[in-house]
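The values are calculated or read from the model by the stated rules, or taken from the named source; none is laboratory data. All values derive from a computational prediction rather than experimental measurement. Note: ideal-geometry Cβ built from the backbone for every residue, glycine included; neighbour counts use all protein chains shown.
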Amino acid sequence: MASDTDASIDRIKAAPDLQALEAERVSALGKQGAITQLLKTLGAMTPEQRQAEGPRIHALREAVTDAIAARKAALEGAALEQRLATEKLDLTLPVPPPLEGSVHPVSQVMDELAEIFADLGFAVATGPEIEDDWRNFTALNIPETHPARAMHDTFYFPDQDAGGQRMLLRTHTSPVQIRTMQSQQPPIYIIAPGRTYRSDSDATHTPMFHQVEGLVIDRGIHLGHLKWTLETFLKAYFERDDIVLRMRPSYFPFTEPSAEVDVGYTMVKGRRVLGGNEGWMELLGSGMVHPKVIAACGLDPEEWQGFAFGCGIDRLAMLKYGMDDLRAFFDGDLRWLKHYGFSALDVPTLSGGVGA
Ligand code: PHE
């Protein structure tokens, strides 16, 4: 019997695959298997016989079981090795030729903004697109009954979050002001580019659009800092020294005073070209951060002041790169993307010209 088992173990060791191994297992340990049959003979033995045979038969069973486990592990290991050797995942991108994809103008402009503001000492901050009512409105000094809420054409979610707050798609990037002041100690110098949403759609409005928020919180900040920052930013962005700003008194609940900023343009062959001051176009909203907003974030408005601004990125891109239909930005038309897209290798740098 022991030699039968030796032969069985040899076959197990030589089993070419898992299927053959399973057949060997059944023939040794299955219901009709050789070892199973041997175990059954124990019942008919005298106690003395059983004392001698029992350990021997159990040892045979253990030897077969171990051999099967060892062969199984070896076969599975080999199968894995084989897969690892043959299956390859190429994580690299082909660099031209031909480089198929292109960088969307919105991404390009976001990179340009990050580059320009990094040079002025601003970090990039982010926040979620699904925002709570408090950060999108209340903390920004827009209480429940404020008419500004109606102006925002907000997409609300039907459910409330765990804290019982109404959730919404952020209608502007201004809630990132709140998040940043809640999580960082001043001085704060950030921009926050990202997606925003309003229930609005025509040639100049899409339900999803992009904004960039700017926020400075420090000691002794005044309107002069705001104006200088915007001027420096717009000159660098449009790559022209003759960019002229006009600040018009305006109203936002979260800034006081508030100013809408227009940029001067000149008519060149019937087209508006930024620079000079033949006419004005509205470009962004701004102001000194309202003390109530600073206090809502747990900071002392006696100690800390600041300015904020908000600007449409899509519009910035259109003005600089000459697209005239906003909706085409989000159609995913390959011809448009090829025409207006940027090379992935064209990283904007101030020294190379940010719009290179
Ligand atoms: N959040 C404003 C909007 O979406 C813009 C803004 C930002 C105005 C910061 C002032 C200060 O219209």
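Is it true that residue 32 is in a helix (DSSP H, G or I), out of contact with any Cys (no Cβ under 9 Å at 6 or more places or on another chain), free of Cβ contacts under 8 Å to residues at least 12 places away in the same chain and not small (Gly, Ala, Ser)? So that I can check it myself, show each step before the final result.
On the way: in a helix (DSSP H, G or I): no; out of contact with any Cys (no Cβ under 9 Å at 6 or more places or on another chain): yes; free of Cβ contacts under 8 Å to residues at least 12 places away in the same chain: yes; not small (Gly, Ala, Ser): yes.
Taking the combined requirement at face value, the residue does not satisfy it.
From the list 263, 273, which residue is under 21 Å from residue 112 (Cβ atoms) and touching a Ser or Thr at 6+ places or on another chain (Cβ under 8 Å)?
Sole residue among the options that is under 21 Å from residue 112 (Cβ atoms) and touching a Ser or Thr at 6+ places or on another chain (Cβ under 8 Å): 273.
Please go through the range 306-319 and pick out each residue that is away from the ligand (no atom under 14 Å from the Cβ) and either more than 12 Å from residue 106 (Cβ to Cβ) or among the β-branched types (Val, Ile, Thr) (or both).
Of everything in the range 306-319, just one residue is away from the ligand (no atom under 14 Å from the Cβ) and either more than 12 Å from residue 106 (Cβ to Cβ) or among the β-branched types (Val, Ile, Thr) (or both), namely 319.
Look at residue 78 and say whether it is in contact (Cβ under 8 Å) with a residue 24 or more places away in the chain and of a type outside the set (Ser, Thr, Tyr).
No.
Determine whether the range 271-287 contains at least one residue that is within 11 Å of the ligand (Cβ to nearest atom) and in contact with a Pro (Cβ under 8 Å, 6 or more places away or on another chain).
The answer is yes; a qualifying residue exists.
Within the range 125-139, work out how many residues are within 16 Å of residue 190 (Cβ to Cβ) and either in contact with a Cys (Cβ under 9 Å, 6 or more places away or on another chain) or surrounded by 15 or more Cβ atoms within 10 Å (Cβ to Cβ) (or both).
3
Would you say residue 319 is under 20 Å from residue 261 (Cα atoms), in the same structural domain as residue 243 (by TED's automatic domain parsing), touching a strand residue (DSSP E or B) at 6+ places or on another chain (Cβ under 8 Å) and of a type outside the set (S, T, N, Q)?
On the way: under 20 Å from residue 261 (Cα atoms): yes; in the same structural domain as residue 243 (by TED's automatic domain parsing): yes; touching a strand residue (DSSP E or B) at 6+ places or on another chain (Cβ under 8 Å): yes; of a type outside the set (S, T, N, Q): yes.
Taking the combined requirement at face value, the residue satisfies it.
Residue 126: within 14 Å of the ligand (Cβ to nearest atom), hydroxyl-bearing (Ser, Thr, Tyr), touching a residue at least 40 places away in the same chain (Cβ under 8 Å) and within 18 Å of residue 194 (Cβ to Cβ), yes or no?
Spelling it out, it is not the case that residue 126 is within 14 Å of the ligand (Cβ to nearest atom), hydroxyl-bearing (Ser, Thr, Tyr), touching a residue at least 40 places away in the same chain (Cβ under 8 Å) and within 18 Å of residue 194 (Cβ to Cβ).
Restricting the search to the range 193-233, which residues are of a type in the set (Ser, Thr, Tyr), away from the ligand (no atom under 12 Å from the Cβ) and under 30 Å from residue 157 (Cα atoms)?
Of the residues in the range 193-233, the ones of a type in the set (Ser, Thr, Tyr) are 196-197, 199, 201, 204, 206, 229, 232.
Then keep just the ones that are away from the ligand (no atom under 12 Å from the Cβ); that gives 199, 201, 204, 206, 229, 232.
Selection gives 199, 201, 204, 206.
Has the range 197-204 got any residue that is part of a strand (DSSP E or B) and in contact (Cβ under 8 Å) with a residue 40 or more places away in the chain?
Yes: the range 197-204 contains one or more residues that are part of a strand (DSSP E or B) and in contact (Cβ under 8 Å) with a residue 40 or more places away in the chain.
Contact list please: Cβ distance under 8 Å, first residue in the range 169-185 and away from the ligand (no atom under 13 Å from the Cβ), second residue among the basic types (Lys, Arg) and modelled with pLDDT of 95 or more, pairs at least six apart or on different chains.
As it stands, the answer is 179/135, since those pairs meet every condition given.
Does residue 126 satisfy the criteria of being more than 16 Å from residue 293 (Cα to Cα) and either assigned to a loop (DSSP other than H, G, I, E, B) or modelled with pLDDT under 95 (or both)?
yes
For the range 138-160, give me each residue that is modelled with pLDDT of 80 or more, outside any loop (DSSP other than H, G, I, E, B) and of a type in the set (A, V, I, L, M).
Of everything in the range 138-160, those that are modelled with pLDDT of 80 or more, outside any loop (DSSP other than H, G, I, E, B) and of a type in the set (A, V, I, L, M) turn out to be 139, 140.
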